[in-house]
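What follows is calculated from the coordinates using simple rules that are stated; it is not laboratory data. Computed from a prediction, not measured in an experiment: that's the story for all the values here. Note: ideal-geometry Cβ built from the backbone for every residue, glycine included; neighbour counts use all protein chains shown.
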Amino acid sequence: MILCSIIIVNYKQPQLVVDCLETIFPNPSSSKFEVIVVDNCSNDDSERIIKKRFPDISWIPMNYNSGFARANNAGIRAAKGELLLLLNSDTLCENNAIVECAERLHESEYVAAGVQLLNPDRSPQISGSFFIAGGLNQLLMLPFLGSLFRWLGYQMKVRKTSVDDAKGIIDVDWINGAFLMVKKDAAERAGLLDEDFFLFFEEIEWCSRLRKVGKMCIYGDLRMVHLLGSTADKAFESTSKGYNNLFDKKGFQIMVSSLLRVRKQYGIGWYIFHLFCYLLTIPVFLVALIVSLPFNPKKRYSFGEFGAYTVNCMKVLLVSGRILLNRPHFYKVL
């Protein structure tokens with residue numbers, strides 16, 4: 001019996017995959033686990049490099065760069081395990097965390113589980129979160145206007161949506177896609193990842209459907225190091241980390257995927273509200289930038305970033321009608 005199928009998506013980062021796998025198994029041929037590497041058309045020596053060290057892995061080549069959802073779905077369809085682990089290539093396992101997580105989840109009432117993710121400096125990363133009405137917390141990434149929403153949330157004593165550092169077992173609404181372990185039967189009931197997404201927010205939308213099947217949690221005592229976006233940053237030629245840089249091609253993808261998730265999970269009304277906030281940010285950004293510039297020697301934002309954000313918003317408008325209609329489409333900006 002295969003307990004868990006570990007699915008890793010590779011895109012031109014074979015050494016990351018090798019480094020990741022070397023931290024998982026003292027013996028790579030462990031019979032309870034299978035490793036499936038889905039390659040997003042790297043067109044390099046990835047297969048040779050990875051299979052030289054781990055010859056027993058299953059290799060699934062995609063004939064195009066299919067992103068996160070489609071590549072993981074290909075791995076899920078081929079998986080034989082009772083559990084499915086969507087694992088980023090830029091993660092490093094500590095203290096047998098994957099085996100421990102699999103054994104616990106398999107015997108538990110939960111349908112999905114994550115572990116506490118760590119930055120390379122050992123500081124905690126957000127590993128799980130709670131849903132908030134309309135996905136309003138996604139607006140916190142907007143320049144200046146996001147800070148206003150954050151302040152209003154504090155004043156209204158809105159529950160914090162993210163679990164910064166999990167202690168023990170914490171029930172959550174969604175789990176970071178860098179490490180997302182799901183019972184296969186739950187995935188079959190909820191449906192696979194939505195293939196309209198290319199990158200970003202697809203695991204949140206998926207968890208919203210999984211959450212209807214059953215509960216999910218973070219095992220806070222199990223740890224994994226996450227290098228945070230190494231593959232995506234290289235693909236987009238971006239130097240940013242996380243979701244706060246909305247000024248380049250990666251930022252455009254984040255904006256599109258964020259709106260797509262809101263439309264699918266919360267409906268037309270909330271989608272229109274989010275789009276309105278994106279556009280409202282343009283004049284707010286400009287005025288706040290002019291007013292704050294003399295008092296902001298560190299120059300948190302620049303006029304160049306204002307221009308880039310405005311351009312990204314105009315490009316978002318070009319696809320907004322299609323998102324509004326919720327018709328199948330692959331929202332890939334690369």
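Can you list which of the chymotrypsin sites (Phe, Trp or Tyr not before Pro) found in region 1-105 are DSSP loop residues with at most 12 other C-beta atoms within 10 Å?
Sites meeting the loop and neighbour criteria: TYR64.
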remark   = Least to most buried among THR91, THR23, by other C-beta atoms within 10 Å and fewest first, runs THR23, THR91
Burial ordering of ASP194, ASP164, fewest other beta-carbon atoms within 10 Å first = ASP164, ASP194
The chain - mean residue ellipticity at 222 nm from DSSP helices (-39,500 (n - 2.57) per run, n ≥ 4, rounded to 500) = -14000 deg cm²/dmol
key: Option label - Cα extents along the principal axes in Å computed here, alternatives [x] 60, 51, 39; [y] 62, 43, 42; [z] 62, 37, 33   = [y]
Full-extension gain in nm, SER108 to LYS212, via 0.36 nm per residue minus C-alpha separation = 35.8 nm
task = Estimate the FRET efficiency between LEU293 and TRP151 by the formula 1/(1 + (r/R0)^6), using the beta-carbon distance for r and 30 Å for R0, to the nearest 0.05.
result = 0.90
ask   = Roughly speaking, what is the centre-to-centre gap between region 254-333 and region 51-66 when only Cα atoms are used, to the nearest Å?
value = 36
Cut-off 11 Å between beta-carbons: net charge of the residues surrounding VAL172, Lys and Arg +1, Asp and Glu -1 = 0
task = Any chance you could give the angle, 0 to 90 degrees and rounded to 10, that helix 145-155 forms with the longest Cα principal axis of the chain?
result = 80
key: Spin-label pair SER123/SER302, simplified geometry with 7 Å Cα→Cβ offset, distance in nm   = 2.3
request  = May I ask you to derive the FRET efficiency for MET1 and SER42 from their Cβ-Cβ distance with R0 = 45 Å, giving the value to the nearest 0.05?
outcome  = 0.90
ask   = So for the pair ILE49, LYS32, with labels modelled 7 Å out along Cα→Cβ, what separation do we get in nm?
value = 3.1
Residues GLU22, GLU107, sorted so that the one with the fewest Cβ neighbours within 10 Å comes first = GLU107, GLU22
ask   = In nm, to one decimal, how far is the ILE272 label point from the SER162 one, both placed 7 Å along Cα→Cβ?
value = 3.1
request  = Over the chain, calculate the relative contact order: mean separation of alpha carbon pairs under 8 Å at least 6 apart, over the residue count, as a percent.
outcome  = 19
